[in-house]
Amino acid sequence: MRKKLLALVLSLVLAASLLAACQTKPAETEAPATTQENKETDAPETDAPETDAPETDAPETDAPETDAPTGGAGEIKVWVADNVVDFTKKAIEDFKAANPDYADWNYTVEAVGEGDAATNMITDVTAGADIYSFAQDQLSRLVIAGALEVMAPENEEAVKTENDAASVGAATLGDTLYAYPMTSDNGYFLYYDKSVVTDPSSLEKIVSDCEAGGKNFYFEINSGWYQTAFFFGAGAELTYDCDDSGNLVSCNSTYASDAGLVALKEMIELKASPAFQNGSSLSSATDVGAIVDGTWDSGAAKDLFGDNYACAKLPEFEGADGKTYQLGGFGGFKLLGVKPQEDEEKLAVCDALAAYLTSGDVQLARYKEVGWGPSNIAAQNSEEVKSDEALSALAEQLQFTIPQGQYPGDYWSLATSLGDSIISGELTTASSDEDLQKALQNFEDTCKSYVNQ
């Protein structure tokens with residue numbers, strides 16, 4: 001049987017990964033506060049974008065075609081972020097009403113945030129939830145721990161066609177789809193005061209306007225998450241390949257290149273502006289003319305800028321080579337995972353419920369209640385979502401990003417060091433190309449060395 005065989009395979013993979021000398025950092029180390037996991041899990045849970053929509057029950061939708069259990073019932077535990085516990089409970093009641101075959105199961109919904117859920121599942125899979133939400137950068141760790149069931153075959157086509165490609169890619173490891181996309185709302189874009197910034201499409205003009213108005217422009221250049229906006233935008237690459245078991249097998253990096261040099265020089269030039277401030281949180285920002293931030297701060301941005309509140313994708317910049325580049329970066333997603341089960345009947349119920357909780361109608365209802373941006377394409381094209389300025393700016397920006405995949409824990413501290421070398425003045429506009437290329441080569445070599453750890 002598919003599930004029992006997979007459980008055996010995953011057990012063998014886990015045992016092998018514990019013995020192998022090449023076990024990687026993502027399986028051991030949480031990324032620092034600048035990583036996708038925390039941007040996606042901590043902030044949105046406590047400061048979701050404000051919406052005016054009243055609380056409503058999740059809509060009734062047809063359940064996906066799944067083999068129904070032949071008899072009996074049991075316990076199904078669901079972990080979701082605190083701010084969607086009540087919503088999830090109501091959605092499960094609608095699921096039961098629409099699926100009488102599943103109504104006798106006892107569903108328990110507990111408040112466990114995406115970051116904690118992944119850590120808890122890895123620590124003790126048996127005691128963990130049957131269905132749980134997690135940030136996509138935890139995918140490989142969860143696969144290695146045997147905490148994720150592969151996608152039910154009968155749900156694969158719908159998931160792939162109904163959700164945006166980036167979110168589906170984020171739920172995929174190797175060639176295997178493991179999880180159900182739930183949101184496509186984690187990334188960064190530009191909030192700005194439109195009485196200060198006259199042209200948000202140009203980085204040079206944003207900086208110039210902030211300087212002229214005596215305002216600050218915030219961009220967190222010593223963060224491995226935000227920093228990629230320059231490198232990926234200039235055409236440099238930094239990704240890691242994983243096998244189907246979640247182990248890092250190769251590093252693809254071209255930071256030590258002409259493209260990397262363009263990106264590094266642009267970061268140095270930005271830091272040289274008197275308007276520049278290193279940061280990405282409105283809670284600690286002052287005299288803000290513009291800030292690169294995410295949807296979790298939309299409420300704070302509206303309060304700060306008032307009638308002058310505006311959002312846009314990240315700007316373009318003119319590189320040292322005279323060419324124009326669009327800032328890029330990472331995108332992030334919330335996923336819903338199903339734990340492997342010995343009971344095939346229980347697994348069928350879990351698969352059906354996970355598909356329902358991530359269906360288009362439920363994603364749209366969740367947006368209306370707590371402001372989470374849908375990954376479902378139809379929900380994204382609804383009038384409600386399209387009228388959300390922050391989500392619209394992010395959706396436009398996500399076209400220029402890549403999903404944050406699996407990165408070693410040491411990458412984040414390495415990226416911080418690179419940014420700090422600019423902030424401290426170790427690397428400046430007076431630095432030679434030779435010195436800058438040396439810094440980039442050291443960075444690239446160190447990134448590649450993590451594969452062999």
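The values are calculated or read from the model by the stated rules, or taken from the named source; none is laboratory data. Values in this document were obtained by computation on a predicted structure and should not be read as measured data. Backbone-built Cβ (ideal geometry, glycine too); neighbour counts: all protein chains shown. The accessibility values were calculated without ligands, DNA or RNA, using every heavy atom of the protein model including side chains. Shrake-Rupley method; radii C 1.70, N 1.55, O 1.52, S 1.80 Å.
What whole-number volume per residue, in cubic angstrom, does the convex hull of the C-alpha atoms of region 335-436 give?
183 Å³
Give me, ordered by chain and number, the residues 5 or more places off LEU177 or on other chains with an amide H under 5 Å from its own placed amide H.
Amide H to amide H, under 5 Å and 5 or more residues apart or across chains, LEU177 pairs with MET151.
Evaluate E = 1/(1 + (r/R0)^6) for GLU342 and SER432, where r is the Cβ-Cβ distance and R0 equals 41 Å; express this FRET efficiency to the nearest 0.05.
Plugging the Cβ-Cβ distance into 1/(1 + (r/R0)^6) gives 0.05.
If amide H atoms are built 1.01 Å from N in the plane of the peptide, which residues on other chains or at least 5 residues away come under 5 Å of the amide H of VAL109?
HN-HN under 5 Å from VAL109: VAL78.
With an 8 Å cut-off on Cα pairs and a minimum separation of 6 or more residues, tell me the relative contact order of region 271-420 in percent.
23 percent
Take the alpha-carbon centre of region 299-348, take the same for region 264-292, and report the distance between them in whole Å.
Cα centres, region 299-348 to region 264-292: 19 Å.
Please give the solvent-accessible surface of LYS194 in Å², to the nearest 10, using a probe radius of 1.4 Å with every protein chain present.
Counting only protein heavy atoms, the figure is 110 Å².
By what distance, in whole Å, do the Cα atoms of region 224-361 stretch along each of the three principal axes, largest value first?
Principal-axis extents of region 224-361 (Cα, largest first): 62, 44, 24 Å.
Express in nm, to one decimal, how much length is gained between SER283 and LYS160 on full extension, taking 0.36 nm for each residue of separation and deducting their alpha carbon distance.
40.5 nm
Along region 209-225, what does the Karplus equation 6.51 cos²θ - 1.76 cosθ + 1.60 (θ = phi - 60°) give for ³J(HN,Hα), rounded to whole Hz, x for Gly and Pro?
Going residue by residue, I get 5, 5, 4, 5, x, x, 10, 9, 10, 9, 8, 8, 7, 9, 10, x, 8 Hz, with x marking Gly and Pro.
Starting from the Cα-Cα distance between LEU304 and THR126, subtract it from 0.36 nm times their residue separation and give me the gain in nm to one decimal.
59.5 nm
If I model region 177-285 as equal point scatterers sitting on the Cα atoms and use the Debye formula, what is log10 I(q)/I(0) at q = 0.14, 0.15, 0.17 Å⁻¹?
For region 177-285, the Cα-only Debye profile gives -0.72, -0.79, -0.94.
Stretched out fully, how many nm does the piece from ASP86 to ALA98 gain, at 0.36 nm a residue minus the Cα gap?
Stretched out fully, the ASP86 to ALA98 stretch lengthens by 2.4 nm.
From the phi of every residue in region 253-262, what ³J(HN,Hα) in whole Hz does the Karplus formula 6.51 cos²θ - 1.76 cosθ + 1.60 yield, where θ is phi - 60° and glycine or proline is x?
Calculated HN-Hα couplings, in order: 9, 10, 5, 7, 8, 4, 5, x, 5, 4 Hz.
What's the ranking of 436-442, 382-388, 144-150, 398-404 by average number of surrounding C-beta atoms within 10 Å, highest first?
Listed from highest to lowest mean packing, they are 144-150, 398-404, 436-442, 382-388.
For the ranges 287-294, 87-94, what's the packing order if you count other beta-carbon atoms within 10 Å of each residue, average per peptide, and put the highest first?
287-294, 87-94
Could the peptides 303-312, 204-213 be put in order, highest first, of the mean number of other beta-carbon atoms found within 10 Å of their residues?
204-213, 303-312
Apply 1/(1 + (r/R0)^6) to the Cβ-Cβ distance of ASN452 and ASP258, taking R0 = 35 Å, and write down the FRET efficiency to the nearest 0.05.
Using R0 = 35 Å, I get an efficiency of 0.80.
With labels modelled as points extended 7 Å from the Cα through the Cβ direction, what inter-label distance (nm, one decimal) is found for LYS386 paired with LEU414?
Between LYS386 and LEU414, the label points sit 4.3 nm apart.
Taking amide hydrogens as modeled 1.01 Å from N in the peptide plane, which residues meet the under 5 Å criterion relative to ASN216, leaving out close sequence neighbours?
VAL288, GLY289, ALA290
Convert each backbone phi in region 186-203 into a coupling constant with the Karplus relation 6.51 cos²θ - 1.76 cosθ + 1.60 (shift: θ = phi - 60°), then list the ³J(HN,Hα) values in order as whole Hz, x for Gly and Pro.
With coefficients 6.51, -1.76 and 1.60, one gets 10, x, 9, 7, 10, 9, 8, 8, 6, 7, 9, 8, 8, 9, x, 7, 10, 4 Hz.
Place +1 on the Cβ of every Lys and Arg and -1 on the Cβ of every Asp and Glu in region 302-453, take the dipole about the Cα centre, and give the residue among THR416, ILE402, PHE317 whose Cα lies farthest towards its positive end.
Checked the options; the winner is ILE402.
Could you tell me which of the pairs LYS265/LYS448; LYS90/LYS194; LYS90/LYS346; LYS334/LYS386 are separated by over 31 angstrom between their Cα atoms in the structure shown?
Correct reply: LYS90/LYS194.
Taking N as the number of residues in region 379-448, what is its Cα Rg relative to 2.2 N^0.38 Å?
For region 379-448, the normalised Cα radius of gyration comes out at 1.67.
Enter the accessible area per residue of region 284-406 (Å², integer; probe 1.4 Å; all protein chains in place).
Each residue of region 284-406 exposes 33 Å² on average to a 1.4 Å probe.
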